[in-house]
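Since every read-out is calculated from the coordinates, none of them should be taken as a lab result. As the structure is a prediction and not an experimental result, all values here were calculated from the model. Note: ideal-geometry Cβ built from the backbone for every residue, glycine included; neighbour counts use all protein chains shown.
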Amino acid sequence: MTHSHHDGFAAPLREQLEDFLDQHREGLLASLDGLTDEEARRRLVPSKTTLLGLVKHATFVERVWFDEAISGRSRAEIGIPAGPDESFDLDSGDTVETIRTAYVAACVDSRSAAAPLGVDDVVTGNRRGPLPLRWIYLHMIREIAQHCGHADILREQLLATRD
């Protein structure tokens, strides 16, 4: 039996964690809607943070927590940067379309990787040491929610520059 966002108050913890995380994933993805590549790449703050870079970073985060942490594969094997700072870097070939596609694929892979596990199952591939899956869900909700907030502000600034 599936629950919608509206009647999920009594849903099992696992379902609520997935639901909240998915809502934030969708929100971050939607931050790129209707933007040109130039707009999505534009730097509006002194840091490396751009809207496109934020979604690229979120793709990295998905791979760290649902591939590396669960599978124990190295970041090199997974094909992601060594650290979070570099995960914001945009290559010349990065577009709204390629970054969107990569993020959607990472989220699909994350759901598949987590599916056979229970929230109390411990994963051992992360640098912090063994962690229960519930911690990973909570951490991901926290991190993606924060990035959704960043994305909202950047998008508001970008749209304000349009005529």
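Taking R0 as 22 Å, what's the FRET efficiency between A115 and Q146 from their Cβ-Cβ distance, rounded to 0.05? My answer for the efficiency is 0.30.
The slack between E156 and H139, meaning 0.36 nm per residue of separation minus the straight C-alpha distance, is 3.5 nm. Toward the positive end of the charge dipole of the chain, with +1 on the Cβ of Lys and Arg and -1 on the Cβ of Asp and Glu, the farthest Cα among Q23, V123, F60 is that of V123.
Each of E77, E15 has some number of other Cβ atoms within 10 Å of its Cβ, and from fewest to most they run E77, E15.
Residue order for T95, T161, fewest other beta carbons within 10 angstrom first, comes to T161, T95.
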